[in-house]
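Below: the structure, in C-alpha cells.
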Amino acid sequence: MIRWGIQTLAIDENGNVMFIANTSDGHVAAYYWNGTAVQRVIGTGDTGPSGLTVNEVSNVSGGGSGFVVMLAFGNYQVRELRAFDGHQLRTLESSDTSLFDGTGLSWYWENECTLSADGTVHCQAQTQDGLAGVYAHRTDGTDVIVARSRDQLPAGEWMIMPLMIDSSASGQLYFSADVILNGVESLALYEATPR
C-alpha cells in the first residue's frame, strides 16, 4: 500500500502514468497506472543483476509510449537505466556493461534522464574516466556522446559539468551546463541533435 508522498511523476503520450512512492512496508517503488489499475513495477528490495537487490529508485521519465526508470543495486555497485512499456521492464544501460566511446558508465549524474516521443533517452552520466557528460541512448541500442566535461562547445567555451536536460518530441536534446570561456565561468543553454 502506498504510504505517503509521490516523489516523481511522469506521463507518456497515451496518458499512462508512472510514479515513485513510499510504501507502508518501508520500501520505495515505481508504479504504473494505465487509467484503470495501478501496477507495481520495481522497488527497493527486489532482486536485480548478479542477485543484488534494488537499493534506490531515483527517477522516472515518460515519452512516446513508455517510460524509463533509474535504479541502483547492491548499495550502488550497479546502476541501470531501464525502459517500461506497460508490460515489460528491460535494461537499456548498465554500469556492468555499457560503454560510452569505450569508457564504462559509473553512475548517472544528478540522477536525471528524459525520454523523447521517438524513444530516444537522454541522460547525464559520470564515466569511469572521471568525466561528467550528456548522452543519448537510441532506439537501436547505441549510446551517443553529446557533450562531456572538458569538451569544447560550439562558441569555443569548455564544459565544466552538465546541469539539467530535457528532450523534445522529435529527439532533440536541450541541456544547461556550467562552462568556462577565457577564464570566465558562466551558465549556458544548448540545443543538440545527437547523431
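Packing here is the average count of other Cβ atoms within 10 Å per residue, and on that basis the peptides 53-60, 24-31, highest first, run 53-60, 24-31.
Spatially, the stretch 24-68 and the stretch 148-195 are offset by 30 Å when compared through their Cα centroids. Sequence-ordered 3J(HN,Hα) estimates for the stretch 69-83 from the Karplus curve with 6.51, -1.76 and 1.60 and θ = phi - 60° stand at 9, 9, 9, 10, 10, x, 6, 6, 5, 10, 10, 9, 10, 10, 10 Hz, glycine and proline given as x. For Kirkwood radius over Cα pairs in Å, computed directly from the structure shown, the correct entry in (i) 16.7; (ii) 17.2; (iii) 19.7 is (ii). Computed from the C-beta positions of Asn14 and Asp178, the FRET efficiency with R₀ = 35 Å rounds to 0.45.
Coordinate-derived values only; no laboratory data. Please read these numbers as outputs of a predicted model, since none were measured by experiment. In this analysis, Cβ positions are derived from the backbone assuming ideal geometry, glycine residues included, and neighbour counts consider all displayed protein chains.
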